[in-house]
Structures are given as structure tokens and as C-alpha cells.
Amino acid sequence: TGEQKEYLGEVQKASSQMASLLDTLLRVARLDEGGMMIERKTVDVVALLDGLFDEIRQGNRDSRLNFVSTLPKTKLLLSTDPVLLPIVVQNLVTNAMKYSPKGGNITIGMKEENGMLHITVTDEGVGIPPEEQERVFEKFFRAKNIRHMLTSGTGLGLYLSKRIMDSLGGRLSFVSEQGKGTVFTATIPKE
Ligand code: ATP
Ligand code: MG
């Protein structure tokens with residue numbers, strides 16, 4: 001029945017959140033033990049990010065957020081780790097969703113500049129308080145303006161994402177204005 005499907009949907013969502021938390025915890029534990037294993041492959045980053053963003057959009061049709069992609073329409077081949085890079089983008093998009101009010105736009109985009117690829121995730125959410133911005137990549141850090149919100153989190157997503165970007169020879173940065181929104185940029189060298 002419809003009601004049963006609804007319950008099953010809840011169970012499925014909870015179990016996939018649990019699986020993703022477990023995945024993060026294991027990755028952080030392994031990282032702390034002995035660094036990160038990178039396995040490079042040549043991939044079309046546009047297709048990779050398109051697919052990921054679409055999947056997140058499909059899974060959150062009831063979230064009342066607007067998912068906007070300004071990703072280019074043409075292929076872009078890059079030698080990178082096809083598992084680790086999506087983990088970063090997934091974390092950034094999940095954060096954008098968690099820390100945005102209903103009706104907000106969540107935008108993914110990409111641009112090339114001076115041999116670097118910049119992947120951006122932009123939201124119109126609560127932003128990060130200026131006095132706490134320097135702590136955002138710390139393990140277990142959660143800002144005070146979101147602690148009262150109905151969001152769950154362990155403060156590990158960005159710690160892990162930053163370490164992944166460093167290992168891929170890139171970087172992770174952001175610009176945020178409290179009450180206006182945040183832009184996270186994952187930068188990665190094209191060669
Ligand atoms: P999780 O481990 O599940 O990702 P989390 O989302 O709290 O938990 P991080 O992703 O590491 O942890 O983010 C750390 C903190 O940075 C968040 O708790 C929040 O305070 C702030 N933050 C991150 N992204 C955003 C964003 N897009 N808008 C506003 N605040 C953000
Ligand atoms: Mg997070």
C-alpha cells in the first residue's frame with residue numbers, strides 16, 4: 001500500500017545515511033592510519049559530476065530545493081580518482097542541501113582556468129559565521145549557527161574532503177556570507 005511504501009522509503013533512506021556515515025568513518029580511520037590510496041583513471045569529469053548530481057536530485061525530489069546544473073555540455077577528460085572525487089562533491093552538495101532553507105537553489109558548476117579545473121557548489125543557505133570559518137576543515141567541527149537546526153552530522157565531511165583534494169594535488173576552499181550563502185570550490189590540476 002501507499003503507506004507501506006512510505007515507511008519502506010524512510011527505512012531505506014535511514015539505512016543509506018547509516019551506510020554513508022560508516023563509509024566516512026572508515027575512510028577517516030584509514031586516512032589517520034596511513035594516508036590515502038589514490039587510484040587514477042582517465043574519466044570524463046562532466047559525465048561523472050552530471051551523473052552524481054542527477055542521482056542526488058532524484059533522491060531528493062521531495063526536498064523543495066532547486067537543483068541547478070551549469071556544468072558544460074562537452075566532455076572533459078581528466079586523470080583522477082573516480083571514487084574519491086565524487087565523494088568530495090557529494091559532501092559539498094549534501095552540505096549545501098542541509099544548510100539551506102526550502103526553496104533555495106543548489107548550483108553545481110565548473111570552469112577551467114590556467115590549467116586548473118574549478119568545481120563549484122553554491123547555495124543560498126545560512127552561511128558560515130566569519131569567526132568560525134578558519135575551523136571548518138577541522139575534524140568534528142560544526143558551526144554554532146547550525147547546531148540548533150534539524151540536521152544530523154558529525155563534522156567529518158569537510159575534513160575528509162579537504163584531505164582528499166590535497167591528495168589529488170588540488171585544494172578545497174570556500175567563500176561564505178552568513179545568511180546569504182556559501183560557495184565551495186574544489187580545484188584540481190588538469191594534468
Ligand atoms: P558530516 O560529517 O555529516 O558531513 P557536517 O555536515 O556537520 O557533518 P562538515 O561537512 O565537515 O560536517 O561541515 C562542517 C561544518 O561546516 C558544518 O557543520 C557547518 O557548520 C559548516 N558548513 C559546511 N558546509 C556548509 C554550507 N554549505 N553552508 C553553511 N555551513 C556549512
Ligand atoms: Mg557535511
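The values are calculated or read from the model by the stated rules, or taken from the named source; none is laboratory data. Note that the structure is predicted; figures quoted are calculated from it, not measured. The accessibility values were calculated without ligands, DNA or RNA, using every heavy atom of the protein model including side chains. Shrake-Rupley method; radii C 1.70, N 1.55, O 1.52, S 1.80 Å.
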Axial C-alpha extent at least 18 Å, average Kyte-Doolittle at least -1.0 - helices from the chain (DSSP): 2-34, 45-59, 84-98
Within the accessible area of the stretch 1-127, what % is carbon and sulfur when the probe is 1.4 Å and the other protein chains stay in place? 53 percent
So, for the stretch 104-149, what is the accessible surface per residue at a probe of 1.4 Å, expressed in square angstrom? 52 Å²
Considering all alpha-carbon pairs of the stretch 62-170, what whole percent are spaced by more than 19 angstrom? 50 percent
How are the Cα pair distances of the chain distributed, in percent, across 5 Å bins from 0? 1, 7, 15, 20, 20, 18, 11, 5, 2, 1, 0, 0
Kirkwood hydrodynamic radius for the stretch 98-149: how many Å is it when counted over pairs of different Cα atoms? 13.2 Å
How long are the semi-axes of the equivalent ellipsoid of the stretch 139-191, taking √(5λ) for every eigenvalue λ of the Cα gyration tensor, in whole Å from largest down? 25, 15, 7
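If you average 1/r over all unlike Cα pairs in the stretch 1-99 and invert the result, what Kirkwood radius do you get in angstrom?
15.8 Å
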For every helix of n ≥ 4 consecutive DSSP H residues, a contribution of -39,500 (n - 2.57) applies; sum these over the chain, divide by its total residues, and give [θ] at 222 nm rounded to the nearest 500 deg cm²/dmol. -13000 deg cm²/dmol
